[in-house]
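Worksheet: one structure, shown below.
The values are calculated or read from the model by the stated rules, or taken from the named source; none is laboratory data. Predicted model only: the values in this text are computed from it and were never measured. When we count neighbours, we look across all protein chains shown, and the Cβ atoms used for this are built from the backbone with ideal geometry, even at glycine.
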Amino acid sequence: MMKKSLIIGAAFVDVIMDVAQMPVSGGDVTAKLKSSNVGGCAFNVYGAIRHYLGAKYADLFIPVGKGQYSELVRKTMNDSKIPILLEDEHKDNGWDLCLVEPGGERSFITVPGIEQDWKDEWFTKINLSDYQYFYVSGYEMEDVKSANLLLDHLAQRDEDSYILFDASPRISYIDPEIIGRLMSKGVIINANEDEIGFLSDKATLEEKASDIFSKTKEPVLVTLGAKGTYLYDNHGGRIVSSDKVENVVNTIGAGDTHCGGVIAGLLEGDSFDEACKVGNELSAKVIQQEAGSLS
């Protein structure tokens, strides 16, 4: 039977606004409302895999709740013919205000929702043995109770399957014991240059990646923006370069889409170097559009 990927996490509503500059405490800036789009790390990762390989290679395992933002998520998923595997009416989905500066850099103000309140019974809806790769984000690791629940279930996956852990900007808020659980065999760590510093206290990028690799025994991926991806494995470290992008609209979903591209490449049988190229290619594509998902 074909193995596929289970993308665990959240669908958010991104309320996107352009600002000339970020506000300071006590300041007052004018913004231009651009759009309201369904996003969220898991939604964007799934979109990248579906865009590159097709829907049959991934399942989107996100809770869809009850409330105004849940209805937007539900409508988007139905319109895009994305199966809703998990519905629970006890809480609304989360949303965020995304402020985009002229150079494309974005900053988020996030209001969490149902995606921070995982339940044991939700996992009765899936069979872990159907999947070779599992995606989880640092956003789902911030709540200790939910993080332990997720990791307890993922510990029951097949021995020849892998977790891709995307550190996320919330990495500094994750409990050290949760970080310790993630630093284990079978976990592929993905982070940017800032985030990786919360996973290793070594001095250089190479030393940090080597330190993490010594614990996970799996490739370590560090996204470098326009320069591409730093990949460290048992052959050492090297940069998998990315093509230059001339027209950057914003960087919403770039890291998520990169993760989706890497998983898509691995599912296709690519080496990690080639999978990183797919991640670079798709993230370069998503930053040339307003929405953070390629779905």
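Here is the figure for the stretch 35-92: residues that are of a type in the set (V, I, T), part of a helix (DSSP H, G or I) and closer than 21 Å to S168 by Cβ total 3.
Say whether the condition of being more than 16 Å from F12 (Cα to Cα), exposed (fewer than 15 other Cβ atoms within 10 Å of the Cβ) and not acidic (D, E) is met by at least one residue in the stretch 78-86. Checked against the condition, which is being more than 16 Å from F12 (Cα to Cα), exposed (fewer than 15 other Cβ atoms within 10 Å of the Cβ) and not acidic (D, E), the stretch 78-86 yields at least one hit. So, of the residues in the stretch 1-34 that are in a loop (DSSP other than H, G, I, E, B) and touching a helix residue (DSSP H, G or I) at 6+ places or on another chain (Cβ under 9 Å), which turns out to be modelled with the highest pLDDT? Top of the filtered list is G9.
Whenever a residue of the stretch 161-178 is under 21 Å from L266 (Cα atoms), its partners that are of a type outside the set (D, E, K, R) and part of a loop (DSSP other than H, G, I, E, B), lying with C-beta atoms within less than 6 angstrom and at least six residues away or across chains, give the pairs Y162/G186. Can you confirm whether the stretch 187-194 contains a residue that is part of a helix (DSSP H, G or I) and surrounded by fewer than 22 Cβ atoms within 10 Å (Cβ to Cβ)? No. Starting from residues that are crowded, with 17+ Cβ neighbours inside 10 Å and β-branched (V, I, T), keep the ones in the stretch 199-221 and report whichever is nearest to S161 (Cα to Cα). Filtering the stretch 199-221 for residues that are crowded, with 17+ Cβ neighbours inside 10 Å and β-branched (V, I, T), the one nearest to S161 (Cα to Cα) comes out as T216. Pairs are defined by a Cβ separation below 7 Å, a sequence spacing of at least 6 or placement on different chains, a first member in the stretch 107-126 that is of a type in the set (S, T, N, Q), and a second member that is at pLDDT below 95 and surrounded by fewer than 16 Cβ atoms within 10 Å (Cβ to Cβ); the pairs so defined are S107/M22. Within the stretch 263-295, being outside any helix (DSSP H, G or I) and at pLDDT 70 or above holds for E268, G269, D270, S271.
Scan the stretch 3-35 for residues that are β-branched (V, I, T) and surrounded by fewer than 14 Cβ atoms within 10 Å (Cβ to Cβ) and the total you get is 3. Among the candidates T229, T223, T257, the residue that is in contact with a Cys (Cβ under 8 Å, 6 or more places away or on another chain) and within 30 Å of P102 (Cα to Cα) is uniquely T229. Within the stretch 111-164, restricting attention to residues that are within 16 Å of A10 (Cβ to Cβ) and among the acidic types (D, E), which residue is surrounded by the fewest Cβ atoms within 10 Å (Cβ to Cβ)? Here the residue is D117.
Counting the residues of the stretch 207-253 that are at pLDDT 95 or above and of a type in the set (A, V, I, L, M, F, W, C) gives 8. The set of residues in the stretch 115-130 that are in contact with a strand residue (DSSP E or B) (Cβ under 7 Å, 6 or more places away or on another chain) and closer than 28 Å to W95 by Cβ comprises E115, W122, K125, I126.
Close Cβ contacts (under 6 Å, 6 or more residues apart or on different chains) running from residues in the stretch 205-220 that are in a helix (DSSP H, G or I) to residues that are at pLDDT below 95 and buried (at least 17 other Cβ atoms within 10 Å of the Cβ) are absent. On the stretch given as the stretch 52-80, residues that are at positive phi and either without any contact (Cβ under 8 Å) to a residue 12 or more places away in the chain or of a type in the set (S, T, N, Q) (or both) total 1.
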